[in-house]
Amino acid sequence: MPDEVRDEAEAHYEPEAPAALVMTISTINAWNRIAVTTRMDPESFRNQNG
């Protein structure tokens, strides 16, 4: 993350918030990569739960 972006985020949020946001985005990205790699079908979850 560029220093300018980090500085701007720190000016608006608590110190922990930008780190939590980066971790959340990283986690979503990881699950999306797993889903694409395994060719997951989102519709398959509806059939199991409903």
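Since every read-out is calculated from the coordinates, none of them should be taken as a lab result. Keep in mind that what you see is a predicted model, and the values were worked out from it rather than measured. Counting neighbours? That spans all protein chains shown, and the Cβs are built from the backbone with ideal geometry, glycine included.
Each of F45, V5, A30 was scored by the projection of its Cα onto the charge dipole of the chain, and the greatest displacement toward the positive side belongs to F45; charges sit on the C-beta of Lys, Arg, Asp and Glu.
Here the chain is treated with +1 on each Lys and Arg Cβ and -1 on each Asp and Glu Cβ, and its dipole about the Cα centre works out to around 560 debye. Using only Cα atoms, figure out Rg for the chain and give it as a multiple of 2.2 N^0.38 Å. After normalising by residue count via 2.2 N^0.38 Å, the value is 1.71. Going 7 Å from the Cα of E8 in the Cα-to-Cβ direction, what parts of region 24-41 have a backbone nitrogen less than 16 Å from that spot? Answer for this model: none.
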